[in-house]
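Read through the structure below, which is laid out as structure tokens, and then see the notes.
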Amino acid sequence: MPGESHGDAPAAVPLQVAVQSAALSCVNGHQPEDQPKTLKCGECAKEATIVCGGCWTHGYCARDHQLKGWEKHRPKCRPWRVGASSDLGRFMVATRDVAAGELLMNDTPLFIGPKMVTEPICLACYRPVDGEYSCDGCGFPLCSADCEGTDDHEPECKAIRESGIPVKVSVFGEENSMYECITPLRILSLRNESPSLWNKIMTLESNSEMRDGTEVAAITEQTVVDIIHNRLELEEEYDTEIIEKVLGILDTNAFEIRLPDSSILGVYPSASLLEHDCIPNTHRTFDADLNLVVRAAIPIKRGDHLTSCYTESISTTNYRQEHLRASKYFICGCKRCTDPTELKAFTSALRCTDCTEKAEEEAKKKKAEVQGRGRGVVRGGARRGGVMNRINQIQTAGSSQQQGSSSSSTQSSTASGDNDGTGPWIVQQDPLSLSSSWKCLNCGSPCTDDYPERITSVAQEEAEELEESPTVDQCEAFLEKWTSTFHPDHAVFINIKYVLVHLYGSEEGYDIEELTPIQLMKKEELCSQVLRVADIIQP
């Protein structure tokens, strides 16, 4: 009943404490220094003296009014608050223990638009287009007349109409530079069309100082700035500085939204505050309305920061660091990145040739010993035939294992490797250093400094080409080819194994009903290997 004390109501936090900790820094889109120092009681509209300890955003004049309004506030109360520091800027902190799977937020996008680099797509529904229909106003290809004149498409359509030079797109299925300016132009148009939304967007981090002088900034100035200033003749409306700030906001805050037939960008006010970690404690999905749904991936303790991964999870440490430096302008120092074994995920590790050759020699010796013992047993034996059959089985098994050690237990391309941190795996000694040495965990043998990156780059390029049109045989051949080079759980391998999991059961000749018992076991084994790594890096 309203007015009663409720045992699950969060504690009260003094308003001044909340303001000082910058926990209310997102309210009304204000930065911490601009945050109003007063808040009204949600029950009586008097000046608030406390805030809800669950979300740190809802004010009350006293504890009894907080308890009275709890039933009404409960559906809106979130289990996190916003904090701030000089090192991290703004971030999210859990205000209570959160169970795995619990909803953290359902965030509505501030705006959506096409990616900066994209093939021609409809600028209203974002499906791929083939040129059969074009917008009468601007010339951009659309799906149909139904997509013409939509609110999403109006900003760029208006700018092109007023320029008097319609767009002509004649090549489809390939990236088109004209799309690079669409999303920035949509944001810029908000300055006049929706000042309140524009102000919210301008509070987001842009990393302008770190972006200045980078290759990314130089490229965008040659494309986006050039199109807006020269083709659309909007230089007086939008100077280079404001365009670069908008581009920085996109680089820093935009989430990729993967649709069935294309990918687009969206910026979300709350989710943009999620801190990066290569092993995040939250999981992101998009609902049918493109709202960003964030849930706890693992149990989160009160006081823990909420994190998300802003790069490819299944990738090497060097790739992640390079991508984050280039696109987000920081170096990641998470537990995964600072551990040479990546918390025993080994997605960057190579196989040590010295240790592998030694293991093969030992396997040969053991095989010879078994054969020698077998020959001694059968002399004069009445049961020679039965014993000889067993010996033949052992020899056949040994021969099968030795037939290209790529399929043996010491060098399997499909089985996960020894992940106790002492196997024949070459890892980076100081993953955050660009000049770090690489050594084998088992024998300590060093590796040529540039070899790991060179060989990984070659294999990665081959894998990307394969993934464009993969087959079971090609994927198996790829794993066989590189098995003597990489750890079985290397990122390149895990990505190909993930493809194989789907091909076993879908490719012609490999339909699920047609798979042999051995192939079904292979599919199950591949699933286990991919899931083992995913459990570590994508809990």
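Fewest-first ordering of Leu273, Leu232, Leu432 by other beta carbons within 10 Å of each residue's beta carbon gives Leu432, Leu232, Leu273.
Ordered by the number of other Cβ atoms lying within 10 Å of each residue's own Cβ, fewest first, Tyr510, Tyr310 fall into the sequence Tyr510, Tyr310. Considering only His153, Gln222, Phe140, and ranking their Cα positions along the charge dipole of region 111-263 that arises from unit charges at the beta-carbon of Lys, Arg, Asp and Glu, the one farthest toward the positive end is His153. Annotation: average projected area of region 32-109 is 6.8 square nanometres, based on the convex hull of Cα atoms across all directions. Return the label of the correct value of Rg/Rh (Cα atoms, Kirkwood Rh), as calculated from the structure shown, out of [x] 1.36; [y] 1.25; [z] 1.07. Matching the structure shown: [z].
Each label point was placed 7 Å from the Cα along the Cα-to-Cβ direction; for Ile219 and Lys365 their separation is 5.3 nm. The slack between Ile455 and Glu119, meaning 0.36 nm per residue of separation minus the straight C-alpha distance, is 117.9 nm. Can you give me the angle between helix 384-402 and the longest principal axis of the chain, using Cα atoms only, in degrees from 0 to 90, rounded to the nearest 10? Long axis of 384-402 versus the principal axis of the chain: about 40 degrees.
Dipole magnitude for region 199-310: computed about the Cα centre from +1 point charges on Lys and Arg Cβ and -1 point charges on Asp and Glu Cβ, it is near 920 debye.
Placing a label point 7 Å from the Cα of His323 along the Cα-to-Cβ direction, the residues of region 233-260 with a backbone N closer than 13 Å are 256. Of the residues Met178, Pro424, Ile257, the one whose Cα sits farthest toward the positive end of the charge dipole of the chain, with +1 on the Cβ of Lys and Arg and -1 on the Cβ of Asp and Glu, is Pro424. Exceedance of the 29 Å cut-off in Cα-Cα distance is limited, within the set Lys344/Lys522; Lys358/Lys497; Lys344/Lys365; Lys76/Lys344; Lys358/Lys481, to Lys344/Lys365; Lys76/Lys344.
Hey, with R₀ at 60 Å, roughly what FRET efficiency would Glu464 and Lys40 work out to, going by the Cβ-Cβ distance, to 0.05? Between Glu464 and Lys40 the formula returns 0.60. For region 297-319, the residues whose backbone nitrogen is under 17 Å from a point 7 Å from the Cα of Ser85, taken along Cα to Cβ, are 301-308. Annotation note: trypsin sites (Lys or Arg not before Pro) in region 83-173 located in DSSP loop regions with a Cβ neighbour count of at most 11 within 10 Å are Lys168.
Place a +1 charge on the Cβ of each Lys and Arg in the chain and a -1 charge on the Cβ of each Asp and Glu, then give the dipole magnitude about the Cα centre in debye, rounded to the nearest 20. Intermediate results must be reported in sequence, preceding the final value.
Working: 53 positive and 82 negative charges, 690 e Å.
Result for the chain is approximately 3320 debye, rounded to the nearest 20.
With r as the distance between the Cβ atoms of Thr150 and Glu237 and R0 = 30 Å, compute the FRET efficiency 1/(1 + (r/R0)^6) and round to 0.05. Approximately 0.85, to the nearest 0.05.
Exposure proxy for Ile165, Ile50: other Cβ atoms within 10 Å of each Cβ, ordered fewest to most, give Ile165, Ile50. Where in region 277-307 is the amide nitrogen less than 14 Å from a point lying 7 Å along the Cα-to-Cβ axis of Asn106? Of the residues in region 277-307, 285-295 have backbone N under 14 Å from the label point off Asn106. The angle between the Cα long axis of helix 517-537 and the longest principal axis of the Cα atoms of the chain comes to about 50 degrees, rounded to the nearest 10.
If each residue of separation counts as 0.36 nm, what is the full-extension length gain between Glu514 and Asp473 once their alpha-carbon separation is subtracted? Don't skip to the end; give the middle numbers.
Working: separation 41, 0.36 × 41 = 14.76 nm, distance 1.58 nm.
Value of the extension gain: 13.2 nm.
Readers should treat all values here as calculations from the given coordinates under stated rules, not as data from a laboratory. What you see is a predicted model, and the numbers here were worked out from it, not measured in a lab. All Cβ positions, even for glycine, are placed from backbone atoms using ideal geometry, and neighbour counts span all protein chains on display.
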